Each structure stands twice: as C-alpha cells, then as structure tokens.
Amino acid sequence: MREKQQQELRQLLSDKAHSSRDLIHGLNVSQPTLSRLINSMKNEIVVMGKGRSTCYGLPRAIHDSNGRFPVYSIDPRGDATLYGNLTALQGGQYWWEGTDGNEELFSGQPWFLLDLQLSGFGARSFAYRRSELLKLPRKLADWSEDDMLYATSKCGEDRIGNLLVGEDSLSGYFKCAREMPPAIELDSCNWKYPQLAQKTLAGEMNSAQIGGEQPKFSACIDDKGTPCHMIVKFSPAVDSNEAQRYSDLLVCEHLALEAIRLSGFSSARSRLIIAGSQAFLALKRFDRRGALGRLPMISLRALHARLQAPYDNWIDAAIRLEQADLINREDSRRLRWFSLFSDLIGNTNQHFGNISLIPHKNNNCYLLAPLYGARPTLYEPVAGEIPIRLFTPPPVRNDAAAELPSALETAILFWKSAAVDERISADFRQICYENCELLKLSTHSPRLLV
Ligand SMILES: Nc1ncnc2c1ncn2[C@@H]1O[C@H](COP(=O)(O)OP(=O)(O)OP(=O)(O)O)[C@@H](O)[C@H]1O
Ligand SMILES: [Mg+2]
C-alpha cells in the first residue's frame with residue numbers, strides 16, 4: 001500500500017511542486033497519512049517553505065548532476081561566500097534558498113542567474129570545443145535551458161558580475177586565482193593584444209565568459225602598479241574593406257564613450273590601440289576590482305525577466321523601472337537620454353543586454369552602470385559586404401523629448417569628432433561628416449517645447 005502511494009505521489013510531483021492541500025486532494029488521503037508518506041520519502045522529496053505555504057517537489061537530475069547547485073558570490077577582495085542553493089525540480093521549476101533568508105519557487109531559471117548563461121561570439125566556439133567533454137550538442141543554438149545551467153555549473157568561473165554556480169566553477173575560480181599570469185604591462189599591449197586576438201580566434205582563450213557578438217577577450221593589465229581587468233574588442237587583422245569598417249566602428253565606440261562622458265554621464269573607460277590595420281578597444285570592467293575582486297551587476301534583460309515585462313525598448317523600460325521604484329529619477333532620465341543618443345548615432349543595437357545595473361539595498365533597487373557598447377552598428381558589414389545605409393533617426397517620443405537637446409548636442413559632437421579622426425578611414429569619415437551636418441540641420445527644425 002505504502003509503495004503504491006509513494007508511486008502516486010512521485011507521479012503527482014513529476015509535473016510540478018504541490019502544496020499539502022493539493023496532495024491531500026490528489027491522493028485522497030488524510031493530513032496525517034500524507035505526513036507519514038512524505039516522511040518515508042524524506043531523502044527523495046524537497047520540502048519548500050514553512051507552515052501553510054509548504055510545498056513539496058522532486059529534484060530533477062541534469063545530466064550527471066543531481067540538480068542541486070550551490071551558488072557563490074565573489075566579494076571585492078576576491079573571497080567567495082555561499083550566496084544560496086538552487087534545486088532544479090521536476091516539471092522545470094527551481095527552488096531557491098538564499099543565505100539571506102529569501103526563498104522562492106521559480107517557474108524557470110531564476111532571473112538573477114540568467115546573465116550567467118553563455119551567449120555571443122565566444123560562446124559558440126566554446127560550445128563546439130567543449131561539447132564532447134560536457135556531452136552537450138555541438139551547436140549552442142541546440143542547447144536547452146538545462147544544458148546552459150549545466151555548462152555554467154561546470155565552467156562558469158569567470159562570468160560577468162560576481163556570481164558563480166556549482167562546485168566545479170568555484171574550484172575553477174580558485175585555480176585561475178592561483179595560476180593567474182602577471183598583469184600585462186601597459187607598454188606591451190601593442191604587441192600582446194594582436195597575439196591574444198589570434199589565440200581567441202583559435203579558441204585557446206576563454207572568451208566564452210563575456211557575451212556580445214563583437215570578437216573580444218578579457219585581459220588583466222598593469223595600470224601603474226594596479227591590476228585592472230579589461231574587455232578587449234578587436235577588428236579582423238586582415239586588410240579588407242570589411243575589416244576596415246569593423247575597425248572604424250570600434251574607433252567610433254571609443255569616441256561615443258568619450259562624448260557621453262563629456263555630457264556628464266558616466267560611461268565605461270576605454271583605451272584604443274591601433275596595431276597595423278587592426279583596432280583594439282579595451283574597456284575597463286566595472287564588475288571587477290583589482291586582480292581578483294568582483295562586483296555585482298545585472299542586465300536590463302534579467303531585471304525584466306524578474307518583472308515579467310516585455311523587452312520592448314529602453315524608453316519604456318526606463319519609465320517602467322522608475323514607476324516600480326527600482327531605479328531613481330535621474331537614472332531613468334539617463335536611460336531615456338541614452339536611447340535618444342543611440343538613435344542619433346545609428347546604434348541599432350538597443351537590446352536589453354546592452355544596459356547593465358548595479359544592485360543595492362538587497363536587490364530592492366538599482367543604479368545604472370556606466371554606459372557601454374554604443375557604436376553606429378547601422379553601418380556594420382553584412383555577410384562580408386558593406387551595404388549603403390540611409391541614416392534616418394526615428395522620431396522622438398514625447399516622453400523622451402526633454403532629453404533631446406542634450407542628446408542631439410552630444411551626437412553632433414560625436415559625429416564631428418569621428419569626421420576628423422584619422423584613425424577612421426576616409427570613406428567612413430565622410431559618412432560621419434554628412435551625419436553631423438544632417439543633425440545640425442535638425443537643430444533648426446521646429447520641435448516640441450517641454
Ligand atoms: N566595461 C564593462 N564592464 C563590465 N562588463 C561589461 C563592460 N562592457 C560590457 N560588459 C559586459 O559584456 C557584455 C558584452 O559587451 P558589449 O555589449 O559591449 O559587446 P558587443 O560584442 O559589442 O555586444 P553586442 O552583441 O550587443 O554588439 C555586455 O553585455 C556586458 O554584460
Ligand atoms: Mg552587447
């Protein structure tokens with residue numbers, strides 16, 4: 001009899017976690033019988049919460065793991081502490097037990113772990129190279145949510161932000177810390193970066209850990225005696241029109257970050273190195289401190305998953321987060337400004353991974369991280385060609401109109417600086433000049449007064 005009931009209970013919990021009320025009803029047993037039954041399966045069943053809200057679930061093995069993953073955070077000194085425990089449950093749910101006392105049953109992977117999933121340029125070659133070892137599909141596009149979590153728990157020692165999942169990632173982090181090569185001297189970046197770019201393309205560098213489509217690696221440089229972690233984006237080393245355009249766009253990203261800063265907004269600090277025909281844009285990481293320290297950060301995408309809100313556009317996102325008291329008024333304004341500025345410099349890449357936030361007050365509110373990743377992607381090569389593009393910034397929405405004068409002035413400054421920067425090809429400088437003139441003309445057009 002007991003075995004039959006255990007089997008029925010397993011059956012019920014195989015779709016999702018249930019409360020004791022649901023189980024009493026589903027199994028048609030009394031509360032004491034259910035308690036005895038659960039007690040007889042206590043090594044198998046996950047008990048979640050306390051009192052009336054207690055729920056029961058069955059853990060779900062993911063590949064060779066038992067579905068239970070410790071999550072660690074690395075502090076600004078480089079020390080690790082347990083942040084919480086994640087248990088994958090049958091039916092695709094997840095049970096989270098934070099060391100801060102927060103517990104929650106999630107219907108999918110918790111939002112604060114979404115940024116740890118592999119994506120972008122490095123992740124595709126990582127999937128190909130490690131697929132055999134991890135016994136996962138060779139193509140990243142064929143990976144399931146479980147595959148992502150599994151890979152993150154095995155090799156997630158150096159993801160963005162300060163969290164890492166799984167014992168293997170933690171030991172990977174300690175190993176990297178012990179075996180960390182000396183920081184690269186500033187003077188040697190000119191010849192070291194091209195070598196590291198080669199190694200990245202050959203799959204010898206661990207470039208999988210940072211997202212984004214532009215080829216990149218991460219490096220620790222010695223900045224006047226202080227180790228400083230950088231993300232280094234690079235253009236192709238070959239001499240072609242396409243490579244030249246990628247190089248032009250990286251120079252533009254550097255100039256855009258400077259223009260943003262001149263307008264009084266904070267943006268990632270960058271250094272540009274041109275070695276032969278190849279451009280390297282090194283960005284100082286705001287989620288790293290010193291050689292080993294890490295700082296928390298979360299993408300706008302993950303925060304929207306938390307709110308179960310659509311990934312619509314940065315202006316609506318700014319308004320939504322301000323209304324939910326998740327960001328302050330000034331940061332909301334800054335995000336609307338950045339959306340307009342991006343439109344005005346042909347940055348078509350306004351997705352929710354291109355904005356990051358810094359959690360504070362126990363994830364109850366956020367500060368906008370320094371702005372990054374803005375370049376005129378409108379002019380990116382497509383399949384090896386450089387198509388002719390028409391630059392027509394979209395009309396300005398009323399709820400962002402107050403930011404227009406400053407965004408426009410900064411965009412003009414950006415195009416003007418690009419039009420005279422000799423690190424940019426003459427062809428693209430001409431485009432920058434024309435766009436500058438176009439925006440100048442628009443300053444004389446009638447506009448909505450606010
Ligand atoms: N300065 C920085 N400090 C910390 N993290 C950063 C910094 N700049 C970028 N990142 C992180 O790295 C990721 C990739 O950077 P970025 O978006 O600039 O790359 P990209 O290849 O140009 O991206 P995209 O595919 O959107 O064009 C970002 O989504 C962000 O999580
Ligand atoms: Mg990006």
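The values are calculated or read from the model by the stated rules, or taken from the named source; none is laboratory data. These numbers were taken from a predicted model, which means no experiment stands behind them. Virtual Cβ from ideal backbone geometry, glycine too; neighbours counted across all protein chains shown.
Assess whether residue 338 counts as being modelled with pLDDT of 95 or more and within 30 Å of residue 73 (Cβ to Cβ).
Numbers: modelled with pLDDT of 95 or more: yes; within 30 Å of residue 73 (Cβ to Cβ): yes.
In short, yes.
For region 350-374, filtering for residues that are under 30 Å from residue 76 (Cβ atoms) and within 10 Å of ligand 1 (Cβ to nearest atom) leaves 12.
Checked against the criterion of being within 16 Å of ligand 2 (Cβ to nearest atom), assigned to a helix (DSSP H, G or I) and closer than 26 Å to residue 316 by Cβ, the candidates 378, 408 yield just one match: 378.
Tell me the residue from 73, 65, 20 that is farther than 26 Å from residue 155 by Cβ and of a type in the set (Gly, Ala, Ser), please. Give the derivation first.
Numbers: 73 fails: farther than 26 Å from residue 155 by Cβ; 65 fails: farther than 26 Å from residue 155 by Cβ.
So the residue among 73, 65, 20 that is farther than 26 Å from residue 155 by Cβ and of a type in the set (Gly, Ala, Ser) is 20.
Of everything listed in (1) part of a loop (DSSP other than H, G, I, E, B); (2) in the same structural domain as residue 100 (by TED's automatic domain parsing), the single unmet condition for residue 16 is (2). Could you tell me whether residue 254 is in a helix (DSSP H, G or I) and either within 16 Å of ligand 1 (Cβ to nearest atom) or not assigned by TED's automatic domain parsing to the domain that holds residue 330 (or both)? Here the answer is yes, as residue 254 does meet what is asked. For region 195-223, a residue qualifies if it is part of a helix (DSSP H, G or I) and either surrounded by 17 or more Cβ atoms within 10 Å (Cβ to Cβ) or within 16 Å of ligand 1 (Cβ to nearest atom) (or both), and the qualifying residues are 196, 197, 200, 201, 207, 208, 209.
All conditions but one from (1) hydrophobic (A, V, I, L, M, F, W, C); (2) without any contact (Cβ under 8 Å) to a residue 24 or more places away in the chain; (3) outside the structural domain of residue 90 (by TED's automatic domain parsing) apply to residue 141; the one that does not is (3).
Give region 391-405 a look and list any residue that's part of a loop (DSSP other than H, G, I, E, B) and modelled with pLDDT of 95 or more, or say none. Lay out the reasoning, then the answer.
Residues of region 391-405 part of a loop (DSSP other than H, G, I, E, B): 391-397.
Within region 391-405, just 391 meets the criteria.
Tell me the residue from 267, 299 that is among the hydroxyl-bearing types (Ser, Thr, Tyr), at pLDDT 95 or above and touching a Lys or Arg at 6+ places or on another chain (Cβ under 9 Å), please.
On the way: 299 fails: touching a Lys or Arg at 6+ places or on another chain (Cβ under 9 Å).
Every option except 267 fails the conditions.
If the condition is being hydrophobic (A, V, I, L, M, F, W, C), more than 24 Å from residue 398 (Cβ to Cβ) and surrounded by fewer than 21 Cβ atoms within 10 Å (Cβ to Cβ), then region 334-368 contributes 358, 365, 367.
In the set 259, 268, 282, 302, which member is among the hydrophobic types (A, V, I, L, M, F, W, C) and over 20 Å from the mean Cα position of the chain (by Cα)? Walk me through how you get there before you give the answer.
On the way: 268 fails: over 20 Å from the mean Cα position of the chain (by Cα); 282 fails: over 20 Å from the mean Cα position of the chain (by Cα); 302 fails: over 20 Å from the mean Cα position of the chain (by Cα).
Result of the check over 259, 268, 282, 302: 259.
Within region 347-364, residues that are touching a residue at least 12 places away in the same chain (Cβ under 8 Å) reach partners that are away from ligand 2 (no atom under 11 Å from the Cβ) and hydroxyl-bearing (Ser, Thr, Tyr) with beta carbons closer than 7 Å, at six or more positions or on different chains, in the pairs 350/339; 350/342; 352/311; 357/366; 358/366; 359/366.
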